[in-house]
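What follows is a set of notes on a single structure, which appears directly below.
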Amino acid sequence: MRITGKTWKYRDDVNTDEIIPARYLNTIDLNELAKHCMEDIDKDFIKKISKGDIIVAGKNFGCGSSREHAPLCIKASGISCVIAKSFARIFYRNAINTGLPILESPDAVSGIETGDNLTIDFLTGEIYNKRTDKTYKAKPFPPFMQEIISSGGLMGWVKKQ
Amino acid sequence: MGMTITEKILAAHAKKKKVEPGELIIANIDIALGNDITAPLAIQEFESLGLKKVFNPGRICLVPDHFTPNKDIKSAEQVKILRDFAKKYKIKNYFEIGQMGVEHALLPEKGIVCPGDLIIGADSHTCTYGALGAFSTGVGSTDLASVMAIGKLWFKVPESIKFVYKGKLRKWVSGKDLILYTIGLIGVDGALYQSMEFTGPVIEKLSMDNRFSMANMAIEAGAKNGIFIPDDITLEYIKNRVQRPYKFYNSDKDAKYSKIHEIDVNNIEPQVAFPHLPENAKGVSKAGKISLDQVVIGSCTNGRMEDLRIAAKILKNRKVSSNLRLIVIPATQNIYMQAMKEGLIEIFINAGAAVSTPTCGPCLGGHMGILAKGEKALATTNRNFVGRMGSPESEVYLAGPAIAAASAILGRISSPEDLT
């Protein structure tokens with residue numbers, strides 16, 4: 001599967017309170033949650049992004065709380081993929097379980113700026129940056145995680161058990 | 001090659017003799033937990049499977065503690081999802097207002113979580129139960145849903161980092177100070193995907209309440225779990241609480257660690273973590289003059305008896321600064337009652353503090369003490385992220401109960417040593 005999108009770049013240690021502040025967690029309505037996506041790190045985020053855009057961030061993306069509302073609201077906002085230098089552990093699990101595409105590639109992150117146009121091939125893990133004409137390779141998922149992803153997320157995998 | 005306590009617990013629950021870091025396993029879960037923020041999503045996922053029952057109604061815990069007592073209509077609807085689910089599937093451990101507490105103080109107090117257990121919770125501070133010598137980790141709602149269905153979950157066996165604390169603790173230095181100092185040392189992703197094992201002569205003498213506050217913050221260094229080797233102090237705590245078989249595990253002498261940190265506690269003074277990351281820890285003497293608008297004493301990190309006793313000792317016959325609000329939140333109903341019997345609640349109220357029923361409330365900017373733009377708070381909680389307690393333009397400083405109480409009296413970040 002290939003996607004193309006425009007990037008929005010953020011710093012290290014973006015936490016789940018910044019991705020979706022707890023003050024909005026009194027609902028599980030994803031459209032409602034998406035309105036506040038990334039609000040405490042970039043209050044105009046939802047106004048400026050277009051469907052298919054890509055979030056790029058430094059190390060430890062998604063640190064903090066276990067709220068699955070974080071990957072869910074990123075997905076519901078129309079973001080197609082998150083590329084980071086590294087992901088916090090629970091966010092990593094939650095993204096896989098809920099089917100938000102994520103890629104880990106410190107090199108790609110260093111070579112990407114806000115506004116760059118990327119083409120990503122999820123099968124090969126290749127990230128192509130049109131502006132710099134450079135291709136980066138993300139770490140592939142271990143086979144077990146690929147099995148969860150191909151089952152359509154964790155609940156699909158559970159149904160097989 | 002020997003195994004660490006974390007590897008042994010994971011191996012036992014995967015019915016294996018041995019596991020190694022990096023290995024993917026499917027393990028049986030002893031206890032699974034959800035709260036009023038995370039359980040509604042898990043319940044929605046669980047119901048999509050169309051199952052008639054949960055894997056074991058006695059092993060699931062639902063604790064509405066974040067936005068409770070219900071702060072608004074939406075929160076009330078969320079809690080109702082938990083209540084109805086608990087009734088429908090005969091979940092024994094659903095804790096209603098009046099019996100509930102902050103989940104990570106409540107479950108150990110009720111003897112629900114035991115040494116040697118494998119525990120998951122859809123709350124990142126589930127790592128707290130590592131204080132009992134259990135493997136305990138935070139997960140998301142979908143993971144919780146899958147455990148409610150099949151009682152199992154996949155794990156990648158983590159590498160372990162060993163922390164050895166040596167020396168003599170200085171006055172007013174608590175477990176909270178040790179963990180803030182440690183996070184300051186290794187950073188907020190210093191233990192990413194790894195296990196933090198807390199050991200050494202200082203730890204062997206550390207009380208359970210202090211161990212809980214240390215294990216609680218393992219996630220703030222990115223760790224998968226934090227763990228203590230159970231001992232006589234653990235035994236004394238679980239006696240009269242735990243009603244089912246449990247097991248004490250220990251790390252082998254030749255267990256492998258990715259890193260060993262030796263920490264001399266002689267030079268550690270009470271810590272304050274500055275905005276906006278828990279790793280921004282420094283000694284209170286280096287804090288400078290920072291005036292505060294609010295102090296919160298409570299939470300799953302520091303809302304236990306020992307924390308309240310320390311705070312009351314400092315606040316006794318003193319008054320909260322007129323420029324500041326002090327909110328004290330005993331973490332459970334039992335702690336609240338005990339604090340009342342010991343006269344601590346009277347000390348807090350006489351000092352001018354607001355004492356609240358148990359709730360996570362202000363810690364996550366939910367309710368019961370939200371900050372306005374430009375305000376600064378010092379809290380005994382575990383996170384000081386941007387907007388954590390309210391306005392994205394407010395600030396949160398983290399510290400232990402002694403610093404919190406002294407700061408509430410002087411109206412600025414202070415040590416009890418600054419009081420006359």
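Here the stretch B:1-59 is described by how far its Cα atoms reach on the three principal axes: 44, 24, 22 Å, from widest to narrowest. Between the stretch B:2-61 and the stretch B:132-204, the alpha-carbon centres lie 18 Å apart. The Cα-based radius of gyration of the stretch A:63-106, divided by its Kirkwood radius, gives an Rg/Rh of 0.92.
Each residue of the stretch A:27-32 was assigned a 3J(HN,Hα) from its phi angle through the Karplus curve 6.51 cos²θ - 1.76 cosθ + 1.60 (θ = phi - 60°); the sequence is 8, 10, 6, 5, 5, 5 Hz, with glycine and proline shown as x. The value of relative contact order for the stretch B:5-263, using C-alpha pairs under 8 Å at least six residues apart, is 24 percent.
Antiparallel beta bridges, as assigned by DSSP with both residues in the stretch B:5-263, represent about 15 percent of the total such bridges. Distances over 38 Å make up what percent of all Cα-Cα pairs in chain B? For chain B, the share of Cα pairs beyond 38 Å comes to 16 percent.
A straight Cα-to-Cα reach below 22 Å connects residue B:90 with the lysines B:52, B:53, B:80, B:110, B:152, residues fewer than 8 places away in its own chain not being considered. For chain B, excluding the exposed loop sites themselves (GluC sites (Glu not before Pro), DSSP loop, at most 14 other Cβ atoms within 10 Å), the longest remaining stretch covers B:97-341. If you plug the beta carbon distance of residue B:236 and residue B:1 into 1/(1 + (r/R0)^6) with R0 = 30 Å, you get a FRET efficiency near 0.35.
For chain B, a Gaussian network of Cα nodes joined below 10 Å ranks B:273, B:221, B:76 by mean-square fluctuation, and the top entry is B:76. Taking the stretch A:1-43, which trypsin sites (Lys or Arg not before Pro) meet the DSSP loop condition and have no more than 16 other C-beta atoms within 10 Å? Here the trypsin sites (Lys or Arg not before Pro) that fit, given the DSSP loop and packing criteria, are A:11, A:35, A:43. Using the Stokes-Einstein relation with a Kirkwood hydrodynamic radius computed over Cα pairs, the translational diffusion coefficient of the protein assembly as shown at 20 °C and a viscosity of 1.002 mPa s comes to 90 µm²/s. Non-local lysine pairs in the stretch B:273-415, meaning eight or more places apart or on different chains, with alpha-carbon distances under 28 Å, amount to 22. Helical runs (DSSP H, four residues minimum) scored at -39500 (n - 2.57) apiece and divided by the length of chain B put the mean residue ellipticity at 222 nm at -8500 deg cm²/dmol. Our compactness index for chain A, the C-alpha radius of gyration over the empirical 2.2 N^0.38 Å, is 0.98. In chain A, Cα pairs under 8 Å separated by at least six residues give a relative contact order of 24 percent.
Most tightly packed first, judged by the mean number of other beta-carbon atoms within 10 Å of their residues, the peptides B:327-336, A:122-131 read B:327-336, A:122-131. Using a Gaussian network model of chain B in which every pair of alpha carbons under 10 angstrom is joined by a spring, one finds that among B:300, B:127, B:61 the greatest mean-square fluctuation is at B:61.
Counts of other chain beta carbons within 10 angstrom of each beta carbon in peptide B:41-50 average 3. Amide H to amide H distances under 5 Å link residue A:117 with A:130, A:131, where only residues 5 or more positions off or on other chains count and H is placed in the peptide plane. Please report the antiparallel percentage of DSSP beta bridges with both residues in chain A, rounded to the nearest 5. Just about 50 percent of them are antiparallel.
When both the stretch B:94-125 and the stretch A:121-160 are represented by their alpha-carbon centers, they are found 35 Å apart.
Electrostatic bookkeeping for residue B:347 treats Lys and Arg as +1 and Asp and Glu as -1; over the other residues with beta carbon under 14 Å from its beta carbon, the sum is +3. Based on alpha-carbon centroids, what's the gap between the stretch B:354-380 and the stretch B:265-335 in Å, whole number please? Value for the Cα centre distance between the two parts: 13 Å. Looking at B:75, B:14, B:215, which one has the Cα that reaches farthest to the positive end of the dipole of the stretch B:5-263 (charges on Cβ: Lys, Arg +1; Asp, Glu -1)? Of the options given, the answer is B:14. Output the antiparallel fraction of DSSP beta bridges having both residues in the stretch B:273-415, as a percent to the nearest 5. Around 20 percent antiparallel, to the nearest 5.
Between B:193, B:246, B:94, the Gaussian network model of chain B with springs among Cα atoms under 10 angstrom shows the greatest mean-square fluctuation at B:246.
Remark: the stretch B:187-339 is approximated by an ellipsoid whose semi-axes, taken from the C-alpha gyration tensor as √(5λ), come to 30, 23, 14 Å, largest first.
Read-outs: derived from the displayed coordinates by stated rules, not from any lab. Quick caveat: nothing in here was measured; it's all calculated off a predicted structure. Using ideal geometry, Cβ is built from the backbone for each residue, glycine included, and neighbour counts are taken over all protein chains shown.
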